[in-house]
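Notes for the one structure printed next.
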Amino acid sequence: MKDAFGAPQSLLVLGGTSEIGLATARRLVARRTRTVWLAGRPSPDLEAAAAALRGLRPETDAVTVRTVPFDALDPSAHEEALGKVFAEGDVDMVLLAFGVLGDQGRDEAAPLAAVRVAQTNYTGAVSAGLICANALRAQGHGSLVVLSSVAGERVRRANFIYGSSKAGLDAFAQGLGDALHGSGVHVMVVRPGFVRTRMTAGLTEAPMATTPEAVAHAIEQGLWRRSETVWVPGAMRLVMSALRHVPRTVFRRLPL
Amino acid sequence: MSDAETSTEPAGPVTGWGRTAPSVARLVRPRSYEEAAAAVRACGTRGGIARGLGRAYGDAAQNAGGAVLDMTGLARIRSIDADAGLVVCDAGVSLHRLMEVLLPLGWFVPVTPGTRYVTVGGAIGADIHGKNHHVSGSFGRHVRAFDLLTADGTIRTVLPGTDLFDATTGGMGLTGVILSATVQLLPVETSLMSVDTERATDLDDLMARLTANDHGYRYSVAWIDLLARGAATGRAVLTRGDHAPYDALPRRARRDPLAFRPGRLPAAPAFVPDGLLSRPAVGLFNELWYRRAPRHRTGELQRLSAFFHPLDGVPHWNRVYGRAGFVQYQFVVGYGREDTLRRIVRRIARRGCPSFLAVLKRFGEGDPGWLSFPMPGWTLALDIPAGLTGLGAFLDELDEEVAGAGGRVYLAKDSRLRPDALRVMYPRLPDFLDLRAELDPRAVFTSDLARRLGL
Ligand SMILES: Cc1cc2nc3c(=O)[nH]c(=O)nc-3n(C[C@H](O)[C@H](O)[C@H](O)COP(=O)(O)OP(=O)(O)OC[C@H]3O[C@@H](n4cnc5c(N)ncnc54)[C@H](O)[C@@H]3O)c2cc1C
């Protein structure tokens, strides 16, 4: 159960090697979280991530960290994989953290690669999101935290494949939040700007770039306030609300 | 369709008095013992929990995804023995109602908390204490018997001195649903209180005054200002007293000595600006309140409601804390651990928690309930807005101090304790868990509090 400050005791990270996902897990383990599920494609990285989380409280073996095979691109297996997690006990928080950036230039020329971006970021999230939402609804409590992106808020020419997948995800998550209103389940959409991670390594940094730790901090705050939308950094909200109104003829030419 | 089903209300988010951590459950309002039994049978896999008037601050009377049995539909006073001072009533009867009915007969509830709006079931479930704990013990000590609906669907009459009695008093509803209880009352000559008030200039002065002559009063409590820093830390107003004897009444009041007339002000507004709870605003309030109190006054006649339940005059006062809600931190540390108390008070004062008046009281002997809160020592309770930055970690640190001194925090107020801290604080927890495992192996009775703390 979450405590009065929204700190969860159990956490399921979808996208178990996501840097933002793991930064959040570390932060929450430092508070109340004692059960963590890392869902992702089986890999040494996933196991290493689990071991690192366990290592945060080695003294007492106090945190239980388990991995579960999960592939966003294989929705037909989601029900069973995630069902197993919920069958083991309540999950106070689900963090939907998987996603791929793709390579805009290459993907424009290779539609099937673009489709994989869409299938991972959007279709995979629709499937996993609905399954988790139903399980949380049955519990009568819990938070579903969805990692969206400012890239979906106003889609740019430079990364519209990724951006549109996040736009779809963001809209889906908002609708899901409304659908779950009054069910005891809280849906929170997190919209970070440019986050310095492996995924963005080598890209030119956008202004107001942030870190996985900062996103994790914002998520913790959002849980506490029961926020529906969280921007990271917070000032991004103002920037985006201005950008939203820039006419397309101008927007197209902005050096973004 | 049975009546229990027809009285199922649509699900809605449920919280405790502090309005934190809402969860959704099926609300069932049984109106008879049979309906209560049917509701327990129909609980389903996520179980059920009894709820009284929801005055526990945290998540004790909520049950995410399961059933919450609103017991206020079972509110009959079954019989009163006006000679022996015994009342038999349903668990959903409030202490307010008992006062209305019993005072004119010259009887008062044996223990009352800081609000009259709690049920008899809730009073037993949390084994509540009042300002008279140092002489009278907890509520459970005055219960002569209760009927308990257990997980197997049977109704058992439970008597003091048995394991089931001691597990249920303070057991936070987790042994079953209390349906009715027999309570021993206190005889009174009037409905007024004779009150002595004095000021203490700091915490040490306060502790000295309380220690010196608490035993001379049936009721004793100190309101303490935790925002005053430096030398004034812990300055306080002590109010102590007893039921006024008939002879103490002025002639006019003698005509109707047992009249019960609680005043009621308009409800607190639903929306309150955040600035109201800023440190300076709360500090100013505490300052004015301290100055208003007389330095020393004896034998003042006060209404029961003014003495025991000043906050009940403002319905929904919990709304002043806004959307984030608030937590109450109440702990006890034993006599001889005054250093821990001083340290905690200093830490709270230094941190500047915008807390309206905290309450300090001395407890008497511990009570037999396995999870009962009181133990001989000092108990301090304070309200803090849940939106205060870093509060979670700060209270964890206080827990360490409390547990390290052999003390504990009160579950009826709790919404944030760590399960491992609970184990240290309540040494009889293993007995409680064993009894529960035997009595209710499928955990029919469970609550958000139980899930959070592994009860
Ligand atoms: C302003 C204020 C002042 C307070 N002052 C004090 C004080 O001075 N001393 C003190 O001890 N407490 C105090 N309290 C706390 C309060 O007395 C307890 O939380 C009490 O349990 C509330 O009773 P309730 O009927 O509202 O129960 P709820 O809050 O609805 O439930 C509390 C617990 O009792 C259980 N319960 C309720 N009914 C039944 C039943 N029929 N069968 C089995 N279990 C049941 C619930 O499952 C839950 O675990 C105060 C609370 C407030 C809001």
> In nm, to one decimal, how far is the modelled label at B:Phe285 from the one at B:Ala82, with both set 7 Å along Cα→Cβ?
Replying inline: 4.2
>> Which one, B:Ala244, B:Gly263, B:Ala60, projects farthest toward the positive side of the charge dipole computed for chain B from Cβ point charges (K/R +1, D/E -1)?
In response: B:Gly263
> How large is ³J(HN,Hα), in whole Hz, for each residue of the range A:134-140 in order, when computed from phi with the Karplus curve 6.51 cos²θ - 1.76 cosθ + 1.60 and θ = phi - 60°, using x for Gly and Pro?
Replying inline: 5, 5, 5, 4, 5, 5, x
> If one computes the Cα centroid of the range B:58-109 and of the range B:365-391, what distance in Å separates the two points?
Replying inline: 24
> Amide H of B:Thr20: which non-local residues (sequence gap of 5 or more, or other chain) have their own amide H closer than 5 Å, using H built in the peptide plane?
Replying inline: B:Phe326
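If I compute solvent accessible area with a 1.4 Å probe over the protein chains, what percent of it on the range A:1-99 is carbon and sulfur?
Working: 1970 of 3860 Å².
The nonpolar share, carbon plus sulfur, comes to 51 percent.
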>> Under 5 Å between amide hydrogens, which residues at least 5 positions from B:Gly173 or on another chain qualify, with H placed 1.01 Å from N in the peptide plane?
In response: none
> Rounded if a/c is under 1.5, else prolate if a/b is larger than b/c, else oblate: which is chain A, with a ≥ b ≥ c the root eigenvalues of its Cα gyration tensor?
Replying inline: prolate
>> Suppose all protein chains stay in the model; what accessible area per residue would a 1.4 Å probe give for the range A:61-115, in Å²?
In response: 49
>> If you filter the range A:197-256 for trypsin sites (Lys or Arg not before Pro), then keep DSSP loop positions with at most 11 other Cβ within 10 Å, what is left?
In response: A:Arg244, A:Arg252, A:Arg253
>> Which one, A:Gly16, A:Val187, B:Val40, projects farthest toward the positive side of the charge dipole computed for the protein assembly as shown from Cβ point charges (K/R +1, D/E -1)?
In response: A:Val187
> Taking the range B:301-363, which trypsin sites (Lys or Arg not before Pro) meet the DSSP loop condition and have no more than 16 other C-beta atoms within 10 Å?
Replying inline: B:Arg323
>> Can you return the lysines within cross-link range of A:Lys166? Criterion is Cα-Cα under 20 Å, with same-chain partners fewer than 8 residues away left out.
In response: none
> What list of ³J(HN,Hα) values in whole Hz, one per residue of the range B:56-61 in order, does the Karplus curve 6.51 cos²θ - 1.76 cosθ + 1.60 (θ = phi - 60°) give from phi, with Gly and Pro shown as x?
Replying inline: 4, 6, x, 9, 5, 10
> If one takes the accessible area of chain B alone plus chain A alone and subtracts that of the pair, with a 1.4 Å probe, what total in Å², rounded to the nearest 100, results?
Replying inline: 1800
> What ranking of B:Glu198, B:Glu438 comes out by heavy-atom accessible area, probe 1.4 Å, highest first?
Replying inline: B:Glu438, B:Glu198
>> Within 10 Å of each candidate Cβ there may be at most 15 other Cβ atoms; applying that plus a DSSP loop requirement, which GluC sites (Glu not before Pro) in the range A:72-119 survive?
In response: A:Glu88
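Can you give the calculated 222 nm mean residue ellipticity of chain B, where each DSSP H run of n ≥ 4 adds -39,500 (n - 2.57) and the sum is split over every residue, rounded to the nearest 500 deg cm²/dmol? The partial results should precede the final answer.
Numbers: 15 runs with 123 residues, N = 455.
That comes out to -7500 deg cm²/dmol.
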>> Let's see if you can work this out: charge +1 on each Lys and Arg Cβ, -1 on each Asp and Glu Cβ, no other charges. What is the dipole magnitude of the range B:74-188 about its Cα centre, in debye to the nearest 20?
In response: 260
> Between A:Val145 and residues 5 or more places away or on another chain, which pairs have amide H atoms under 5 Å apart, with H built 1.01 Å from N, and which residues are they?
Replying inline: A:Val94, A:Leu95, A:Leu96, A:Met188
> Per the helix-only calculation at 222 nm, which mean residue ellipticity applies to chain A, given -39500 (n - 2.57) for every DSSP H run of n ≥ 4 and division by its residues, nearest 500 deg cm²/dmol?
Replying inline: -12500 deg cm²/dmol
>> If you average the alpha carbon positions of the range A:182-222 and of the range B:112-150, how far apart do those two centres end up, in angstrom?
In response: 49
>> Can you return the aspartates and glutamates within cross-link range of A:Lys2? Criterion is Cα-Cα under 19 Å, with same-chain partners fewer than 8 residues away left out.
In response: A:Glu88, A:Asp90, A:Asp92, A:Glu220, A:Glu228, B:Asp59, B:Asp396, B:Glu397, B:Asp399, B:Asp414, B:Asp420, B:Asp448
> Using Cα pairs under 8 angstrom and six or more residues apart, how large is the relative contact order of the range A:1-67, in percent?
Replying inline: 33
> How much of B:Glu34 can a 1.4 Å solvent probe reach, expressed as accessible area in Å² and rounded to 10?
Replying inline: 130
> Between the range A:87-107 and the range A:32-55, what is the C-alpha centre distance in whole Å?
Replying inline: 14
>> Which of the three applies to the range B:74-188, rounded, prolate or oblate, going by the alpha-carbon gyration tensor with a ≥ b ≥ c and a/c under 1.5 meaning rounded?
In response: prolate
>> Leaving ligands and nucleic acids out of the surface, order A:Lys2, A:Lys84 by accessible area at 1.4 Å, largest first.
In response: A:Lys84, A:Lys2
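Can you tell me how the protein assembly as shown classifies by the Cα gyration tensor, rounded, prolate or oblate, using a/c under 1.5 as the rounded cut? Working shown, then result.
Working: a/c = 2.29, a/b = 1.77, b/c = 1.30.
Judged from the Cα gyration tensor, the protein assembly as shown comes out prolate (a/c at least 1.5, a/b above b/c).
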>> Straight-line reach from B:Lys361: which lysines fall under 21 Å, measuring Cα to Cα and dropping same-chain residues less than 8 apart?
In response: B:Lys131, B:Lys413
>> Could you derive backbone 3J(HN,Hα) for the range B:37-53 from the dihedral phi with the Karplus parameters 6.51, -1.76 and 1.60 (θ = phi - 60°), listing whole Hz in sequence and x where the residue is Gly or Pro?
In response: 5, 5, 5, 5, 5, 8, 4, x, 5, 8, x, x, 8, 7, 9, x, 9
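The values are calculated or read from the model by the stated rules, or taken from the named source; none is laboratory data. Note that the coordinates shown come from a computational prediction; the quantities given were computed from them, not determined experimentally. Because the Cβ atoms are built from the backbone with ideal geometry, glycine has one as well, and the counts that use them run over all protein chains shown. Surface areas here come from the heavy atoms of the whole protein model, side chains and all, with no ligands, DNA or RNA. Shrake-Rupley method; radii C 1.70, N 1.55, O 1.52, S 1.80 Å.
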